[in-house]
Amino acid sequence: MPSKKEKELKILLRMKKFDVDECRKTLAMLINQEDLLLKKKIAMMMEMENEKIVASKNPDAAFSFPAYYKLYLNRKKILDTEIYNMSQKIAAQRELLSEKFLDLKTFEITKNNLNNKEKYQENIKEQKILDEISANVFRLKNSEASFF
């Protein structure tokens, strides 16, 4: 039958595992958001290349290209800032996940140590009982031998 400490540790372990899982989900969500931002940046760069080609072939389009390029640079700067901020959030989330995982492992080790201690104490009790039984059997045999 599990002891009170073991039950409490089991509950704490479940909570810690839940925390780690939630942290992993948040990290995955942040990585997906960063991936979307990177794809958006690639699409924007491809669009810029297409505009360059169109501007080089069409003089009317070349007239509006400087304004488009200025807008492109502004959008690129904003997107780069968003990507940088997202990478900072990801780094912070990874650090938090690392801490939560370390905390979880600490509780798992504690639970294993408690289980080992309880098994050791149980083995000592069993050994004492077996020693007592064997001592009683020895006494009975000696008392019977001295009786005859």
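The figures follow:
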read-out	value
Value at 222 nm in deg cm²/dmol, rounded to 500, when DSSP H runs of n ≥ 4 in the chain each add -39,500 (n - 2.57)	-37000 deg cm²/dmol
Distance between region 14-46 and region 97-148 - C-alpha centres, whole angstrom	49 Å
At 1.567 mPa s and 4 °C, Stokes D of the chain from Kirkwood alpha-carbon radius, µm² per second	58 µm²/s
Cross-link partners of LYS111 among aspartates and glutamates (Cα-Cα below 15 Å; sequence separation of 8 or more within a chain)	GLU6, GLU8, ASP103
Cα point-scatterer Debye curve for region 31-93, base-10 log of I(q)/I(0) at q = 0.25, 0.26, 0.29 Å⁻¹	-0.98, -1.02, -1.15
Choice from LEU37, LEU79, LEU71 showing the highest fluctuation, given a GNM over the chain with Cα pairs closer than 10 Å	LEU71
Links that overshoot a 29 Å alpha carbon limit, given the list LYS4/LYS105; LYS16/LYS119; LYS4/LYS100; LYS25/LYS119	LYS25/LYS119
Degrees, to the nearest 10: 4-57 long Cα axis against longest axis of the chain	20 degrees
ALA92 paired with PHE138, simple spin-label distance in nm, labels 7 Å along Cα-to-beta-carbon	6.9 nm
Anchor LYS89: aspartates and glutamates whose Cα lies under 17 Å away (excluding residues fewer than 8 positions away in-chain)	GLU22, GLU34, ASP35, ASP80, GLU99
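Each reported figure results from applying straightforward, stated rules to the coordinates on display, with no laboratory input. For clarity, every value in this text was computed on a predicted model and none was experimentally measured. Virtual Cβ from ideal backbone geometry, glycine too; neighbours counted across all protein chains shown.
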